[in-house]
Amino acid sequence: MVRNVAAFVTIPRAAAKAAAEARAERKPWTQEEVKAFLTGITGERLYAPCLLSLMGLRPAEVCGLRWSDVDFEAGTIKAGETPGRSSTARSRKRRPSRRPANAACRCRRRSRRR
């Protein structure tokens, strides 16, 4: 017999209210903040995944990317297949890879080959 002990736990109202207020206070980055962040991490190992995330790919899509999904000549990234999930033809999309993302992927691939 298996039982979920968390089913008997109640979250205090004050803690739930504080968590809701913290979520409401979150604000997205401005363009200047994004540019400063990207400038600060240029050359880092996770630059390309961060850039792809900021371009709109979901974390699972970024984690599921393979080099075969990146078409450097066409400038596209085939995203939509996430680890542990099968995808349909409709869910796999070719997304344009902007110049910075394309350059970041090339740089990362070169560094992996060394």
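Here are a few things to note about the model shown:
- Relative to the current alpha-carbon distance between Thr30 and Thr42, full extension at 0.36 nm per residue lengthens the span by 2.5 nm.
- Cα-based reach from Lys17 at 18 Å (exclusive), listing aspartates and glutamates while leaving out same-chain residues under 8 positions away: Glu25
- Whole-Hz ³J(HN,Hα) from phi, Karplus 6.51 cos²θ - 1.76 cosθ + 1.60, for region 54-65, glycine and proline x: 5, 7, x, 6, 6, x, 5, 5, 5, 5, x, 5
- Chymotrypsin sites (Phe, Trp or Tyr not before Pro) within region 1-69: DSSP coil, no more than 15 neighbouring Cβ in 10 Å: Trp29
- Convex hull volume per residue in cubic angstrom - Cα atoms of region 1-73: 188
- Separation of the Ala20 and Ala103 label points, Cα + 7 Å toward Cβ, nm: 4.6
Read-outs throughout are calculated quantities, based only on the coordinates presented, and are distinct from any laboratory measurement. No experiment lies behind these values; they were computed from the predicted model shown. No Cβ is skipped: glycine too gets one built from the backbone with ideal geometry, and neighbour counts run over all protein chains shown.
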